[in-house]
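Right, one structure below, let's go through it.
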């Protein structure tokens, strides 16, 4: 599946969003985020891809493969049909169609979400330390543990925006907030918006700090902690344990899987 000049479509299908990347010459050159909807059809998805390619002045027919990670099984077959019909190329699901070179130590390996395995694989390929922890700030906040070539499992915690939306849905007077800090030092909130921002940002930072500190005892040798997901850049300045941030880590993992 090698071919450095090929145009490859990368697709991360999550419960909330569908992230789409286009890669050429072993690097991701464009990425977009679309909402995940169960009302999607193979035609609506195919036409979206055609429109994205047109916007980028590319030809959908030049795409040589779709590499897909999906945690939404009802969409998988229509994704396959869409790629085959509109790009006339293989649609490969990771890890089902392209097994990853990680030993999966989960008690029931089939229970591990594809997104968790792909981010763990990407981190393993990008960083050399024997131990790795990958923190993904997505719909859920997940922490994956990798030792050498083994995927050990991890933790699943509430997601930042999911928690915020759940809180807002129960409380009519809560204001909308951006989770932007004006200082890296925690402050006592002097307004509801400031109280929410301080609570959420420093609360999640403290949660991750504590979990990573405890989990390191289960890993051997030097450990690198890698963060990904949309909230990673916002939380890293107040969460010192996050040593590296790779916002497109899952898409990078799909691209690396294409080269296997």
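Quick note: the coordinates plus some simple rules give every number you see, no bench work behind them. Predicted, not measured: the structure shown is a model, and the values here were computed from it. With ideal geometry, Cβ positions are generated from the backbone for all residues, glycine too; neighbour counts draw on all protein chains shown.
Please report the relative contact order for region 103-248, taking Cα pairs under 8 Å with a sequence separation of at least 6, and give it as a percent rounded to a whole number. Let's see the in-between values first.
Numbers: 219 pairs, mean separation 36.7, N = 146.
In percent, rounded to a whole number, it is 25.
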*For the chain, with a Gaussian network of springs between Cα atoms less than 10 Å apart, report the residue from 108, 187, 88 with the top mean-square fluctuation.*
108
*Mind checking the angle between helix 249-258 and the chain's longest principal axis? C-alpha axes, 0 to 90 degrees, to the nearest 10.*
30
*Rounded, prolate or oblate: which fits the chain, taking a ≥ b ≥ c as square roots of the Cα gyration tensor eigenvalues, rounded meaning a/c under 1.5, else prolate when a/b beats b/c?*
oblate
*Taking other Cβ within 10 Å of each residue's Cβ, how do 107, 37 sort, fewest first?*
107, 37
*asked:* Cut-off 10 angstrom, C-alpha nodes, Gaussian network model of the chain. Which of 190, 18, 67 fluctuates the most?
replied: 190
*Per-residue ellipticity at 222 nm for the chain, helices alone: DSSP H runs ≥ 4 residues times -39500 (n - 2.57), over residue total, nearest 500 deg cm²/dmol?*
-10500 deg cm²/dmol
*What is the chain's relative contact order, in percent, from Cα pairs under 8 angstrom and six or more apart in sequence?*
19
*Taking 30, 213 and counting other C-beta atoms within 10 Å, the order from fewest to most*: 213, 30
_I want to check the label-to-label distance for residue 245 and residue 96. Put each point 7 Å from Cα in the C-beta direction and report it in nm to one decimal._
3.4
*For the residue pair residue 185 and residue 27, what label-to-label distance in nm results when each label sits 7 Å from Cα along the Cα-to-beta-carbon direction?*
4.0
*Helix 192-215 axis, angle to the chain major axis (alpha carbon atoms, nearest 10°)*: 80
*With a ≥ b ≥ c the root eigenvalues of the C-alpha gyration tensor of region 177-260, is it rounded (a/c under 1.5), prolate (a/b larger than b/c) or oblate?*
oblate
*Quotient of Cα Rg and 2.2 N^0.38 Å for region 104-257, N being how many residues it contains*: 1.09
*Which of these, 217, 17, 76, has the largest mean-square fluctuation under a Gaussian network model of the chain (Cα springs below 10 Å)?*
217
*Give the relative contact order (percent, whole number) for region 7-93; include only Cα pairs under 8 Å separated by 6+ residues.*
32
*Sorted by Cβ neighbour density within 10 Å, fewest at the top, the residues 142, 129, 44*: 44, 129, 142
_Gain upon complete extension [residue 106, residue 178; 0.36 nm per residue less C-alpha separation]_ = 22.3 nm
